[in-house]
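The values are calculated or read from the model by the stated rules, or taken from the named source; none is laboratory data. Predicted model, so just to flag it, every value in this text is computed and none were measured. Ligands, DNA and RNA are stripped out before the accessible areas are found, and what is left, the full protein with its side chains, is counted by its heavy atoms. Shrake-Rupley method; radii C 1.70, N 1.55, O 1.52, S 1.80 Å.
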Amino acid sequence: MSYVFDIDGETVWSPALLAGQVYVMFVSSLEQVLQVRAGFSAVADDMVEIDRDQFSAFVDRLMQFDTGGRHPILAETVAPIVAVSLVMLRRSPLGLQEPKSMSEALRRATERLDSQMPR
């Protein structure tokens, strides 16, 4: 079984069910802590439709930890979620203009994950 993530009707990621559930729980926790909605709407137990604008704003907020430098442990903690999220935004119908402030480590992680994340 898999979990499906769609943006504007386009499937941007379809991981194994457990991987999808873990990602959704991380995002849900970060939404609560940051008080920023990610734009996820459950369509089914194993499918999410994502509002691209809300998700983009959420990811922008997470990116502040990558570039802020004040909380290195927090930056390392959220980096995998940011990388997966950036791949999903890149695959969306509107694509993604890569943030100029992205660290080289995050850029490499995003590139690596793009080839490993099934659609």
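Which of rounded, prolate, oblate describes the range 9-54, given a ≥ b ≥ c as roots of the alpha-carbon gyration tensor eigenvalues and a/c under 1.5 marking rounded, otherwise prolate only if a/b is larger than b/c? Please report the intermediate quantities before stating the final value.
Details: a/c = 2.14, a/b = 1.27, b/c = 1.69.
Because a/c hits 1.5 or more and a/b fails to exceed b/c, the range 9-54 counts as oblate.
Relative to the longest principal axis of the C-alpha atoms of the chain, give the angle of the C-alpha long axis of helix 104-114, reported between 0 and 90° and rounded to the nearest 10°.
The angle comes out near 10 degrees.
What is the angle, in °, between the Cα long axis of helix 72-91 and the longest principal axis of the Cα atoms in the chain? Nearest 10 is fine, range 0 to 90.
Here the helix axis deviates by roughly 50 degrees.
Semi-axes of the equivalent ellipsoid for the chain, please: Cα gyration tensor eigenvalues, times 5, square-rooted, ordered largest first, whole Å. Please report the intermediate quantities before stating the final value.
Numbers: eigenvalues 92, 48, 37 Å².
Each semi-axis is the square root of five times an eigenvalue, giving 21, 16, 14 Å.
With bins 10 Å wide starting at 0, give me the P(r) of the range 68-108 over every alpha carbon pair, in whole percents.
All Cα pairs, binned at 10 Å, distribute as 26, 55, 18, 1 percent.
For the chain, which whole percent of the accessible surface, found with a 1.4 angstrom probe, sits on carbon and sulfur atoms? Spell out each step's value before the answer.
Numbers: 3540 of 6670 Å².
Taking all protein chains in place, the chain shows 53 percent carbon and sulfur surface.
With a 1.4 Å probe and every protein chain left in place, work out the accessible area per residue of the range 1-109 in Å², rounded to a whole number. Show your work: numbers first, answer last.
On the way: 5910 Å² over 109 residues.
For the range 1-109, the solvent-accessible area averages 54 Å² per residue.
What does DSSP give for the chain in terms of the percent of beta bridges that are antiparallel, rounded to the nearest 5?
Working: 8 of 12 bridges.
That works out to approximately 65 percent antiparallel.
For the chain, what is the mean residue ellipticity at 222 nm derived from helices alone (per DSSP H run of n ≥ 4: -39500 (n - 2.57); sum divided by total residues; nearest 500 deg cm²/dmol)? If you can, show how the numbers build up before the last one.
On the way: 4 runs with 66 residues, N = 119.
For the chain, the value works out to -18500 deg cm²/dmol.
Once both axes come from the Cα atoms, what is the angle between helix 52-68 and the longest principal axis of the chain, in degrees from 0 to 90, rounded to 10?
30 degrees
When only Cα pairs under 8 Å and 6 or more residues apart are kept, what is the percent relative contact order across the chain? Before the final figure, lay out each step's value.
Details: 158 pairs, mean separation 32.2, N = 119.
Rounded, it is 27 percent for the chain.
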